[in-house]
Amino acid sequence: MDFKKEVAGIISSLVDMEVEKVMELMEVPPHANMGDYAFPCFQLAKVMRKAPNMIAAELAAKVQTHAIIEKAEAAGGYLNFFLNKNVFIGDTIKRVLEQGEKYGYNSMGEGKTITIDFSSPNVAKPFHIGHMSSTIIGGSMEKIFRHLGFKVERINHLGDYGTQFGKLISAYKRWVDHEALEKEPINELLRIYVKFHEEAENNPELENEARAYFKQLEDGDKEAIALWERFRALSIKEFEQTYKKLHIEFDSYAGESFYTDKMGEIIDMLEDKKLLVESNGARIVDLSEFNLPPCLVIKSDGTTIYVTRDLAAALYRKRTYDFHKNIYVVGTTQSLHFSQLFHVLKLMGFEWAKDCVHIGFGLVKFPDRKLSTRKGDVVLLEEVLDEAVQRTMALIEQKNPDLKDKEDAAKKVGIGAVIYTFLKNNRDRDIVFSWEDTINFDGDSGPYVQYTYVRGKSILRRAGQLPETADYSVLTSDDEFNLIKLLGAFGDSVKEAAERYEPFVVTRHITEIAKAYNKFYINHPILNAEESIKNARLHLTQAVCNVIKTGLKLICIETPEYM
RNA sequence: GCGCCUGUAGCUCAGUUGGAUAGAGCAACGGACUUCUAAUCCGUGUGCCAGGGGUUCGACUCCCUUCAGGCGCACCA
């Protein structure tokens, strides 16, 4: 039963307002003692030309006793509803247990496909901490959409094309160490790439050589292509090791190179629509009507640019997947680029341009280190993950030295802690990465949530078989009711996360659940409680574990069984 | 110069179509383990919500403006 909807139905029958509209207005009061749902009467006041508190009072008097409502009372301009706790508790626990990992599902996405372009590292460049945001926000959004019934196409738009490959071929021929390339491909490719830039400062001829190699690559020279393919394959192999740790998968690795033969059509379309304008030797689309700088589509030397490829990619995705939404998870530094891209699509007459979405995020900053590839001074994601696991291992030795599979727990907890720090706040903010905060497992943290699950599971193991039935009417404490309310609202948070493209809504919600369970846990015995209470609390514990596990999965964090 | 983002407690941050006394975590201090994993729980307090105007019955929220920081502003991606 959807309690919110039921209450909305009651309100709707009393006032002249659609149930949907009532649902939108309804809130959860700031304090539990004010009720479980609140309906603000301020909007009605305008229509009815009556004071909000009068309306609330009149409505409160009209609300009749109802199976799911204990009472309704007016408080200022609010009409507050108190649910019949018994009915609500029983229904919610039952629903969670029945639906299992499907709990929180919503049919909003049925029959719709979302394409999501995320992670998208550059071939032959290290996968550094800056790539974490796109990878993990995209990975999480993908799982959230899927939970809501959408079909999702996960696209890794690799940076596998461009003049840097000319440089790389040049550098490869001059300085590569084949042994090192086998062992640590990206490391070696980075080394020679950095060396290229150092040498090029004193030897401008290198730049020309690189351009020549890139031309060969474009012209289909066999040797050049073979090298490029090797760089690409070696890179993907390394990336996949990292993705495996983060539980991220892709349906497509169609990167920039995939669209090189699909740009001609785009340019023809732009020509047909007379959108291309000559400017300083280059060809641009004028976007001044949108108050945007012009979008350069063809360079003065006649070659294409990334926007050209992105245009081709968007059209390809529409044709191939017929997306409901076409999402790009890329840093906010690229806001202008995407704004231009979407506006050009609009000018081209594609009505689906409105379905293209840029999900931006802030920069990852280190207090003292820089993140420039050219200087070779990067913080590798692998290093961060490994260090987190190591630090977690040390903590396990200290807290739970008898743990059986320490490595497994250390991996799940350590990596979970890193992911959590990336998904706990608003995307727009820059992340200042500090080990101190990431490895602090007290309070709001991945390990805090995981630990709650582990404690719950520990109890369930000790209890043995979960009793088939339980009488939930014995769950009468505030701690229990508050906890169950949070379980009941889980689906709303998943939906909100999807609508706002903000995984942190889920992160915060499951943290709230963990907090509420820990409070319940410390105040109420489970295994030692009287039989009927014990059974009901075991069911509740199982329900909490289910929801936490589902929630963590949605933010790409694994749940250990022991820690 | 123009555009976008950010500015809330000592620190890191929630606070979403304007609404109830502006909330969490960390840090600090004090308490709770013969009892289900103390990676837990309980208690103690601090805010000219960056400043100034405006709209409104009501503004952290909307508008204008100033300041501070970040990121962009065509032949890299």
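The values are calculated or read from the model by the stated rules, or taken from the named source; none is laboratory data. Nothing here was measured: the structure is a model prediction, and the numbers come from that model. Glycine gets a Cβ as well: all are built from the backbone with ideal geometry, and neighbour counts include every protein chain shown. Side chains are part of the model used for accessible areas, which takes the heavy atoms of the whole protein and leaves out ligands, DNA and RNA. Shrake-Rupley method; radii C 1.70, N 1.55, O 1.52, S 1.80 Å.
As I understand it, the value is the acute angle between the Cα axis of helix A:164-175 and the longest principal axis of the Cα atoms of chain A; what does it come to in degrees, rounded to 10? Helix A:164-175 sits roughly 60 degrees off the main axis of chain A. The label-point distance for A:Lys5 and A:Glu205, in a model that sets each label 7 Å from Cα toward Cβ, rounds to 7.5 nm.
Protection proxy ranking of A:487-493, A:388-394, by the mean of other Cβ atoms within 10 Å over each peptide's residues and highest first, is A:487-493, A:388-394. Of all aspartates and glutamates in the structure, those lying under 19 Å Cα to Cα from A:Lys151, and not within fewer than 8 positions of it along the same chain, are A:Glu101, A:Glu110, A:Asp117, A:Glu142, A:Glu249, A:Asp251, A:Asp322, A:Asp355, A:Glu496, A:Glu499, A:Glu502. Pairs from the table (A:Lys125/A:Lys318; A:Lys102/A:Lys125; A:Lys365/A:Lys515; A:Lys125/A:Lys299; A:Lys325/A:Lys553) lying more than 27 angstrom apart at Cα are A:Lys125/A:Lys318; A:Lys102/A:Lys125; A:Lys365/A:Lys515. Taking amide H as placed 1.01 Å from N in the peptide plane, the amide H of A:Ile359 sits under 5 Å from that of A:Tyr328, A:Val329, A:Val330, each at least 5 places away or on another chain. If a/c stays under 1.5 just call it rounded; otherwise compare a/b with b/c (prolate if a/b is bigger, oblate if not). Do that for the stretch A:3-83, with a ≥ b ≥ c from the square roots of the Cα gyration tensor eigenvalues. Taking the square roots of the gyration eigenvalues as a ≥ b ≥ c, the stretch A:3-83 is rounded.
At 4 °C and a viscosity of 1.567 mPa s, what translational diffusion coefficient does Stokes-Einstein give for chain A, taking Rh as the Kirkwood radius over Cα pairs? Give it in µm²/s as a whole number.
Answer, rounded: 48 µm²/s.
Taking all protein chains as present, what is the carbon and sulfur share of the accessible area of the stretch A:349-508, in % to the nearest whole number, probe 1.4 Å? About 45 percent, which is the carbon plus sulfur part of the accessible surface.
The stretch A:121-196 and the stretch A:408-480 have Cα centres lying 32 Å from one another. Dipole magnitude for the stretch A:3-83: about 240 debye, using +1 per Lys or Arg Cβ and -1 per Asp or Glu Cβ, origin at the Cα centre. Scanning residues 5 or more positions from A:Ile298 or on other chains, those with amide H under 5 Å from its amide H are A:Arg283, with H placed 1.01 Å from N in the peptide plane.
Over the stretch A:365-496, give the accessible area per residue in Å² for a 1.4 Å probe, as an integer. Write down the numbers at each step before the final one.
Working: 6860 Å² over 132 residues.
So the stretch A:365-496 comes to 52 Å² accessible per residue, rounded to a whole number.
Distance between the modelled labels on A:Ser300 and A:Arg174, one decimal in nanometres: 2.7 nm (7 Å Cα→Cβ projection). Converting phi to 3J(HN,Hα) with the Karplus coefficients 6.51, -1.76 and 1.60 and the offset θ = phi - 60°, the stretch A:241-256 yields 5, 5, 4, 4, 5, 9, 6, 10, 10, 10, 8, 8, 10, 5, x, 4 Hz in sequence order, with x at every glycine or proline. In this structure, the residue pairs whose Cα-Cα separation is over 20 Å, taken from A:Lys245/A:Lys406; A:Lys112/A:Lys549; A:Lys5/A:Lys94; A:Lys245/A:Lys411; A:Lys457/A:Lys534, are A:Lys112/A:Lys549. Amide H contacts of A:Asn122 (H built 1.01 Å from N, in plane; Pro and chain starts excluded): A:Gly159 sit under 5 Å, all sequence-distant by 5 or more or on other chains. Normalised by the number of residues in chain A, the mean separation of alpha-carbon contacts (under 8 Å, six or more apart) gives a relative contact order of 16 percent. The stretch between A:Asn425 and A:Met269, if pulled fully straight at 0.36 nm per residue, gains 52.0 nm over its current Cα-Cα span.
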